[in-house]
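K.L.:
I am attaching a structure below and will ask some questions about it afterwards.
The values are calculated or read from the model by the stated rules, or taken from the named source; none is laboratory data. Keep in mind it's a predicted model, so treat the numbers as computed, not measured. Don't worry about glycine lacking a Cβ; one is built from the backbone with ideal geometry, like all the others, and counts go over all protein chains shown.
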Amino acid sequence: MQRIGVFVCWCGSNIAATVDVKKVAETLGKEPCVVYYENYQYMCSEEGQNKIINAIHEHKLSGIVICSCSPRMHEATFRRTAQKAGLNPYMVEIANIREQCSWIHKDMATATEKAIILGRAAIAKVHLNTPLQAGESPVVKRALVIGGGIAGIQTALDIADAGFEVDIVEKKPTIGGKMSQIDKTFPTLDCSACILTPKMVDVAQNEKIHIYSYSEVAAVKGFVGNFDVTIKRKARYVKEELCTGCGACTEKCPQKKVPNDFNLGLDNKHAIYIPFAQAVPKVATIDPDYCMMLKTGKCGVCSKVCAAGAIDYKQQDELVQQQYGAIVVATGYNPIDLKNYDEFAYSQSPDVVTSLEFERLTNAAGPTGGVLLRPSDRQHPHTIVFVQCVGSRESGEGCGKTYCSKICCMYTAKHAMLTREKYPDTEVYVFYIDVRTPGKNFDEFYRRAVEEYGVHYIKGMVGKVSPENGKLMVQASDLLDNKQLKIEADLVVLAAAIEPDPSARPLATMLTTQMDTNDFFTEAHPKLRPVESATAGIFLSGCCQGPKDIPETVSQASACAAKVIGLLAKDKLLGNPCVAESNELMCNGCSSCEKVCPYGAISYVDKEFKMPNRTIAVRRVANVNPAVCQGCGACTVACPSGAMDLKGFSNSQIMAEVDAICK
Amino acid sequence: MQEVIKQKAIELLSSGKADRVLGWKEGEFFYDITPAVFTDVKEIEEKFVYNAFCGPNFSKYLVAESRKDGKIAVFLKPCDTYSFQQLLKEHRILRDKVYAVGIPCDGMVDIEKIRQKKIKGITGVTEAGEVLQIDTIYGKKEVAKKDVLAERCENCKSKKHVVYDELIGEEGDVLDSHRFDLVEKIEAMSEEERFAFWQNELSRCIRCNACRNVCPACTCEKCVFDNPASGIDQKAAADSFEEKMFHIIRAFHVAGRCTDCGECSRVCPQNIPLHLLNRKFIKDINEFYGEYQAGADMETRAPLTDYQTDDCEPSVILTKGDQ
């Protein structure tokens, strides 16, 4: 028989304003086996915790129920409190009467009734609780960073700096990400490559960092401290360890008509290529879709000119297995596809470009050598129209995104300013809904564009862009002057919304992490745990979590590294004692549980059982490895006979809770 | 065909290839064919039968039989081999203790369907090709066999034996059956109509457990309905709602493992079309996760206990339920 104590928290007015806490405590006090009840303003405070400790001692409590906030908030706190009083921490149950009750109800009578029901369910569960002991598991002192953009680079450098091994998995042939494609960075206007490429070199030279370029994460198993990751190294048809990056092959390759994705298709590259001069690793890669040797078996020029003998047309994708203690997601972003925005004539005219394409058109290493020329006739554009919020801040029904892409206002101001500086004879118009410039020195930057550089900022949206006689007719409305405008432009630049990389969603599934409806990874807590995912051991860095500019990305990347270092510095992690257990007498040995176990915690043994009439039968039964089991409970629902059960969340406990609710 | 199979049974037993033979013999009535384990040749000669009433699927018997000493030979019709293989996949049958002989099947006859043709006082049925000659106390009658086939045989899913040690006759093919037509009809009903349909069917249940006892997917060491700790063992028929729960829980328990052998409906003394519940699951699995036939092979992972990143989202399944 349990001796149960019930503690109802006011949470200031968070709970007490909507729930009659006194009534809840008194009513629950009448439940069977409840020998003590109390309500207090802040149960989690020192004073509140002392009340719990005293009650456990005084009333010899064997189990306690705390009616308070979500267990995600303070379950760990109250378990420690119980432990201090000498009670097994797993004899504590939380009834969530805040997030699931007071916050969502307005009527006090209803909320109070519900709080009582939730408390009753928790009491019903405590009746069946048993003391549990947590095991320990070691921590693999190695981190994996998925994505080699500036976020991944910074996180990896910081983790390596603390002395831990780090692997970066980058799907492109080189690290560097979007920042390597950008020309100048706001608000200081320093050259992107000049600040990024030294960091790329640092990564390459750091002994603690290993880069898996042109690779993808194929599978993830395991749990915090012990992730087992399969990395697919895609065949680049060049032996990475032999290639010196001399570039002889890329010059001699006869297949010159390959769209250059680094320049966003604005020019062509060869079928064997190094994305850009500062690539890390500086190793050539063959594009199998265009290489004549791979497609028809006729050519082999690169192999002939390669002095290092690095070309290998027979190379195959390779799978690498590696263990990690922590995983950092830094998968970044992409501008959205503009196929649904034909009013801006993006698909009709080469002179309608995205902002990222504009970066390439102004970059010294870009297709025009840094001279701003419009793609159609390679002439200097004299009138440029920038359109902001293309696909951002749309209503839910449209094909765009509801969120603000955050970086567009600033980079558009940068583009406009730089254009005016370099080509003062150019008229620059910016159409905007709002100009959003929160950030250090951001608003000053935008003011300079307007006041010093004479950029025409017009509040209003562009309705239509139509190519006419080599020009782009831009129809727009000026909302402040309340008039329609027609501008004859040479170049139109669209500030396309940004969205998470398409590789993010399958990755989230592999990592069992949460995403929001826009496919951005969800942080464990928006304020208090912004760089951790809700899944232990998975951390978030950069735009995979939400739109960010470079300074913000780098800050988050370093914050993320600090969290990883904190984890890797531990030698052992306390495990979760709520693990699965098989009732061997009922187990059929059918393997259903083993098939659904994401952690590989279940194996089978042939075991002898005493049967009726002094016979012995050998039966195949499931065996759970408690050090590997994470207590997800998938096996308990897959088991056809109900032989699999979860400690701390047994079927009978859950049914008791349901019964208590339905009473 | 009966003679060929009988001779094979005798040969297996006398050659020592098998210590026991699992076959059919007549039960109370000639159409009431019962599974039997034969251990001597004389018994086989006298009692072994194989005719259009040999519906029973032997797969489930092998769970216990394969754990006994010695080897057992078994005769499996094409659809039985699916159940057999599914149980092998679940490690329920010890394969090396079984000698499986695949035998041909042209469909089993449902005695109720003969009776529905107003043929009464039936004393015997003989097959003559496509026609059944029926002896009754009122004289001889004839019906076309295709008109009195059991529903599961009318909609036969496969004439292919998916696993065997030896095959009598020729290898058949997987067929293009219309087995989901009736499920579609029920799906098309309004919620009220559908509820009324199942209420009418399931309220006749007398909880005899025959469906569970015959089901090759129900081989648990301890069935939840027999286990007081499961909390659902008393779901017999405390009220009219719970009486439905037995069949719904059972359908969920065998979902993804049911091969659609149709034994549940064959044995139901109340003629409840229980197999339709299972077929609904099979149809849904096919639609959500791609065609899957339980027991068709040893390797394919069952969609319900497997996850692929391109699996349809739970929301799709939810919306389908709303339709």
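K.L.:
For region B:171-190, does any single residue satisfy the condition of being among the aliphatic types (A, V, I, L, M), within 14 Å of chain A (Cβ to nearest Cβ) and touching a Phe, Trp or Tyr at 6+ places or on another chain (Cβ under 9 Å)? Quick ask: steps written out before the conclusion?
P.N.:
Residues of region B:171-190 that are among the aliphatic types (A, V, I, L, M), as a first pass: B:174-175, B:182-183, B:186, B:188-189.
Narrowing the set further to residues that are within 14 Å of chain A (Cβ to nearest Cβ) leaves none.
Checking region B:171-190: not a single residue is among the aliphatic types (A, V, I, L, M), within 14 Å of chain A (Cβ to nearest Cβ) and touching a Phe, Trp or Tyr at 6+ places or on another chain (Cβ under 9 Å).
K.L.:
Here's a follow-up. Test A:Tyr42 against the stated conditions and say whether it is in contact (Cβ under 8 Å) with a residue 24 or more places away in the chain and surrounded by fewer than 17 Cβ atoms within 10 Å (Cβ to Cβ). Working first, answer last.
P.N.:
Working: in contact (Cβ under 8 Å) with a residue 24 or more places away in the chain: yes; surrounded by fewer than 17 Cβ atoms within 10 Å (Cβ to Cβ): yes.
When the stated conditions are applied, A:Tyr42 passes them.
K.L.:
Give region B:303-317 a look and list any residue that's of a type in the set (A, V, I, L, M, F, W, C) and either in contact (Cβ under 8 Å) with a residue 60 or more places away in the chain or more than 9 Å from every other protein chain (Cβ to nearest Cβ) (or both), or say none. So that I can check it myself, show each step before the final result.
P.N.:
The first filter runs over region B:303-317 and keeps only residues of a type in the set (A, V, I, L, M, F, W, C), leaving B:304, B:312, B:316-317.
Listed by number, the residues that qualify are B:Cys312, B:Val316, B:Ile317.
K.L.:
What residue, of A:Asn340, A:Asn334, is of a type outside the set (Lys, Arg) and under 17 Å from A:Lys178 (Cα atoms)? Break it down stepwise before answering.
P.N.:
Numbers: A:Asn340 fails: under 17 Å from A:Lys178 (Cα atoms).
After ruling out the rest, the residue left standing is A:Asn334.
K.L.:
Which members of region A:110-136 meet the condition of being touching a residue at least 24 places away in the same chain (Cβ under 8 Å) and over 16 Å from A:Val658 (Cα atoms)?
P.N.:
Within region A:110-136, A:Ala111, A:Thr112, A:Thr130, A:Pro131, A:Leu132, A:Gln133, A:Ala134, A:Gly135, A:Glu136 meet the criteria.
K.L.:
Among the numbered criteria (1) of a type in the set (Phe, Trp, Tyr); (2) closer than 30 Å to A:Val564 by Cβ; (3) not assigned by TED's automatic domain parsing to the domain that holds A:Gly149, which single criterion is violated by A:Phe344?
P.N.:
(2)
K.L.:
Hey, another quick one. Working only within region B:9-31, note down all residues that are surrounded by fewer than 19 Cβ atoms within 10 Å (Cβ to Cβ) and more than 20 Å from B:Val63 (Cα to Cα).
P.N.:
Answer for region B:9-31, where residues must be surrounded by fewer than 19 Cβ atoms within 10 Å (Cβ to Cβ) and more than 20 Å from B:Val63 (Cα to Cα): B:Ile10, B:Glu11, B:Ser14, B:Ser15, B:Gly16, B:Lys25, B:Glu26, B:Gly27, B:Glu28, B:Phe29, B:Phe30.
K.L.:
So which of A:Lys295, A:Lys232, A:Lys221 is at pLDDT below 95, outside any helix (DSSP H, G or I) and charged (D, E, K, R)?
P.N.:
Values: A:Lys295 fails: outside any helix (DSSP H, G or I); A:Lys232 fails: at pLDDT below 95.
Sole residue among the options that is at pLDDT below 95, outside any helix (DSSP H, G or I) and charged (D, E, K, R): A:Lys221.
K.L.:
How many of the residues making up region A:455-510 are within 34 Å of the chain's Cα centre (by Cα) and among the polar types (S, T, N, Q)?
P.N.:
Matching residues across region A:455-510 total 2.
K.L.:
Let me ask something else. Mind listing just one residue for me: the one in region A:525-555 that is of a type in the set (Val, Ile, Thr) and modelled with pLDDT of 95 or more and, of those, nearest to A:Leu568 (Cα to Cα)? Step through it out loud before you land on a result.
P.N.:
Filtering region A:525-555 down to residues of a type in the set (Val, Ile, Thr) leaves A:531, A:535, A:538, A:550, A:553-554.
Still in the list and also modelled with pLDDT of 95 or more: A:531, A:538, A:550, A:553-554.
Working: A:Val531: 16, A:Ile538: 12, A:Ile550: 26, A:Thr553: 22, A:Val554: 21 Å.
Only one residue fits best here, namely A:Ile538.
K.L.:
Quick check: anything in region A:353-375 loosely packed, with under 15 Cβ neighbours inside 10 Å, under 28 Å from the mean Cα position of the chain (by Cα) and either of a type outside the set (Phe, Trp, Tyr) or modelled with pLDDT under 95 (or both)?
P.N.:
Scanning region A:353-375, I find no residue that is loosely packed, with under 15 Cβ neighbours inside 10 Å, under 28 Å from the mean Cα position of the chain (by Cα) and either of a type outside the set (Phe, Trp, Tyr) or modelled with pLDDT under 95 (or both), so the answer is no.
K.L.:
Additional query: Among the residues of region A:153-171 satisfying the criterion of being touching a strand residue (DSSP E or B) at 6+ places or on another chain (Cβ under 9 Å) and assigned to a loop (DSSP other than H, G, I, E, B), which is surrounded by the fewest Cβ atoms within 10 Å (Cβ to Cβ)?
P.N.:
A:Lys171
K.L.:
Among the acidic types (Asp, Glu) and farther than 19 Å from A:Pro375 by Cα - does that describe any residue in region A:435-447?
P.N.:
If we filter region A:435-447 for residues that are among the acidic types (Asp, Glu), which is where we start, we get A:443-444.
Narrowing further to those that are farther than 19 Å from A:Pro375 by Cα: A:443-444.
There is at least one residue in region A:435-447 that is among the acidic types (Asp, Glu) and farther than 19 Å from A:Pro375 by Cα.
So that you can scan it fast, the table gives a plain yes or no per residue for (1) more than 9 Å from every other protein chain (Cβ to nearest Cβ); (2) in a loop (DSSP other than H, G, I, E, B); (3) touching a Lys or Arg at 6+ places or on another chain (Cβ under 8 Å); (4) at pLDDT 95 or above:
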site	(1), (2), (3), (4)
A:Leu585	no, yes, yes, no
A:Cys590	no, yes, yes, no
A:Val605	yes, no, yes, no
A:Pro626	yes, yes, no, no
A:Pro640	no, yes, yes, no
A:Glu657	yes, no, yes, yes
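K.L.:
Can I ask one more? Test of understanding: among A:Asn576, A:Asn583, A:Asn588, A:Asn613, which residue is free of Cβ contacts under 8 Å to residues at least 60 places away in the same chain, surrounded by fewer than 22 Cβ atoms within 10 Å (Cβ to Cβ) and over 21 Å from the mean Cα position of the chain (by Cα)? I'd like the intermediate steps shown before the answer.
P.N.:
Numbers: A:Asn576 fails: free of Cβ contacts under 8 Å to residues at least 60 places away in the same chain; A:Asn583 fails: free of Cβ contacts under 8 Å to residues at least 60 places away in the same chain; A:Asn588 fails: surrounded by fewer than 22 Cβ atoms within 10 Å (Cβ to Cβ).
When all the criteria are applied, what remains is A:Asn613.
K.L.:
Counting only residues that are of a type in the set (A, V, I, L, M) and away from chain A (no Cβ under 14 Å), which one in region B:58-94 is nearest to B:Asp173 (Cα to Cα)?
P.N.:
For region B:58-94, the residue satisfying everything is B:Leu76.
K.L.:
Ok, one more. Does A:Leu494 qualify as being surrounded by 14 or more Cβ atoms within 10 Å (Cβ to Cβ), outside the structural domain of A:Asp425 (by TED's automatic domain parsing) and touching a residue at least 40 places away in the same chain (Cβ under 8 Å)? Lay out the reasoning, then the answer.
P.N.:
Working: surrounded by 14 or more Cβ atoms within 10 Å (Cβ to Cβ): yes; outside the structural domain of A:Asp425 (by TED's automatic domain parsing): no; touching a residue at least 40 places away in the same chain (Cβ under 8 Å): yes.
Spelling it out, it is not the case that A:Leu494 is surrounded by 14 or more Cβ atoms within 10 Å (Cβ to Cβ), outside the structural domain of A:Asp425 (by TED's automatic domain parsing) and touching a residue at least 40 places away in the same chain (Cβ under 8 Å).
K.L.:
On to the next question. For B:Tyr164, which of the numbered conditions (1) touching a Ser or Thr at 6+ places or on another chain (Cβ under 8 Å); (2) more than 14 Å from chain A (Cβ to nearest Cβ); (3) assigned to a helix (DSSP H, G or I); (4) under 30 Å from A:Gly589 (Cβ atoms) fails to hold?
P.N.:
(3)
K.L.:
Another question, if that's okay. Return the residue satisfying two criteria in turn: it lies in region A:86-106 and is free of Cβ contacts under 8 Å to residues at least 60 places away in the same chain and surrounded by fewer than 17 Cβ atoms within 10 Å (Cβ to Cβ), and of such residues it is nearest to A:Gly575 (Cα to Cα).
P.N.:
First, pick out the residues of region A:86-106 that are free of Cβ contacts under 8 Å to residues at least 60 places away in the same chain: A:86-89, A:91-96, A:99-100, A:104.
From what's left, surrounded by fewer than 17 Cβ atoms within 10 Å (Cβ to Cβ): A:86, A:99-100, A:104.
Working: A:Gly86: 20, A:Glu99: 27, A:Gln100: 28, A:Ile104: 34 Å.
Checked region A:86-106; the qualifying residue nearest to A:Gly575 (Cα to Cα) is A:Gly86.
K.L.:
Separate question: I need a count of the residues in region B:124-151 that are more than 23 Å from the chain's Cα centre (by Cα), surrounded by fewer than 17 Cβ atoms within 10 Å (Cβ to Cβ) and without any contact (Cβ under 8 Å) to a residue 40 or more places away in the chain.
P.N.:
Looking only at that region, the number is 14.
K.L.:
Restricting attention to region A:564-579, does a residue exist that is away from chain B (no Cβ under 14 Å) and among the acidic types (Asp, Glu)?
P.N.:
First, pick out the residues of region A:564-579 that are away from chain B (no Cβ under 14 Å): A:564-579.
Subset that is among the acidic types (Asp, Glu): A:571.
Yes.
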